[in-house]
Amino acid sequence: MLKRTKAYEFLKSTNFSLRKPILKEVPVEPAFPFKEYPSATKIKLSLETISSTPNLFEILSKRRSNRDYKKYPISLKEISLLCYAVQGITGRAGPYLLRTAPSAGALYPIETYIAINFSSEISPGIYHLEIKDFSLALLQEGYLGDVLSKLALGQTFVATASVVFIWSAVLRRTISKYGNRGLRYIFMDVAHICQNLLLACEALGLKACPIGAFFDEEINVLLGLNEEENVIYIATVGK
Ligand SMILES: Cc1cc2nc3c(=O)[nH]c(=O)nc-3n(C[C@H](O)[C@H](O)[C@H](O)COP(=O)(O)O)c2cc1C
């Protein structure tokens, strides 16, 4: 029966083997590597770092998914550090802006959206992380925790989290180079990004939980995404 599932079919049909040539697939046009909202109101994130955090191995041993949040008002500095951990720019290689998390072919197919529920300095709303100028672009104002909780299959802790990270994939960026196999890489990319967030949270004394259960279509609509960009992962952060 497993062999009749789409998952099995996808994995097997995107396997490489020494026994088979790597076939050329239907060509897909590449996409622009950055998404930006130039006319949105922007909040500049802070590039200030912190001088001391627990030892990495202590962080690794303590990381646990946590869903018990008390509507903690997260600061701009904490949000900035989390955004840096997620997709901060750390280097350049030709035209590529290298980040804290690796990406297949340095194509960076993942976009980060942040729903701020409770913050001491930033108004509640949905923001887009603008990679190049390290800022948040305001997309939608107001507390959306209850809406997001409903769209995360009713998981109530989404409403009490301080911030909800929402990651989408711009398929064309990776699929144009790697074809169908690129879908595997897209999910690997987002997992690296999410793990950076989880470890950074632990380092800052915050708690986080990854979320894979959500109503994709409605979250895509909430963020105003076109059909080439899809939400693929979410994580809550709180205290
Ligand atoms: C891909 C993925 C999807 C997940 N989705 C959810 C989710 O929708 N809701 C939830 O409460 N936890 C979710 N989790 C968290 C897992 O339940 C958790 O990682 C697991 O129970 C192990 O516990 P730990 O993270 O505390 O070590 C998800 C974790 C992963 C990696």
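The values are calculated or read from the model by the stated rules, or taken from the named source; none is laboratory data. Note that this is a predicted model, so its numbers are computed, not measured. Here Cβ is always computed from backbone atoms with ideal geometry, including for glycine, and neighbour counts include all displayed protein chains. Surface accessibility is based on the protein's heavy atoms, side chains included, excluding ligands, DNA and RNA. Shrake-Rupley method; radii C 1.70, N 1.55, O 1.52, S 1.80 Å.
Per residue, the chain exposes an accessible area of 54 Å² to a 1.4 Å probe, with every protein chain left in place.
Spatially, segment 58-80 and segment 186-208 are offset by 10 Å when compared through their Cα centroids.
Going toward the positive end of the dipole of the chain, with +1 on Lys and Arg Cβ and -1 on Asp and Glu Cβ, which of ILE74, ILE166, GLY142 do you reach last? Ranked along the dipole, the leading option is ILE166. Surface composition of segment 52-238: carbon and sulfur make up 54 percent of the accessible area, probe 1.4 Å. Each 5 Å bin, from zero up to the one with the longest distance, holds this percent of the alpha carbon pairs of the chain: 1, 6, 13, 17, 19, 16, 12, 8, 4, 2, 1, 0. Could you name the aspartates and glutamates in cross-link range of LYS44, using Cα to Cα under 16 Å and dropping any fewer than eight places away on the same chain? Straight-line reach from LYS44, under 16 Å: GLU36, GLU78, GLU121, GLU130, ASP133.
Let a ≥ b ≥ c be the square roots of the eigenvalues of the Cα gyration tensor of segment 1-120; is it rounded (a/c under 1.5), or, if not, prolate (a/b larger than b/c) or oblate?
On the way: a/c = 2.04, a/b = 1.58, b/c = 1.29.
Prolate is the answer for segment 1-120, as a/c is 1.5 or above and a/b outweighs b/c.
Across segment 52-238, how many lysine pairs, 8 or more positions apart or on different chains, have C-alpha atoms separated by under 28 Å? Please give the number. So the count of such lysine pairs works out to 13.
Ordering ARG64, ARG19 by how much accessible area each has at a 1.4 Å probe, largest first, what is the list? Don't skip to the end; give the middle numbers.
Working: ARG64 155, ARG19 200 Å².
Output order, biggest surface exposure first: ARG19, ARG64.
Helix 76-87 and the longest principal axis of the Cα set of the chain meet at an angle near 10°.
Quick one: compute the contact order of the chain, relative version, from alpha carbon pairs under 8 angstrom and 6+ residues apart, as a percent. If you can, show how the numbers build up before the last one.
Details: 444 pairs, mean separation 59.4, N = 239.
Once normalised by length, the contact order is 25 percent.
Basic side chains Lys and Arg get +1 at the Cβ, acidic Asp and Glu get -1 at the Cβ, and with that the dipole of the chain about its Cα centre reaches some 1000 debye.
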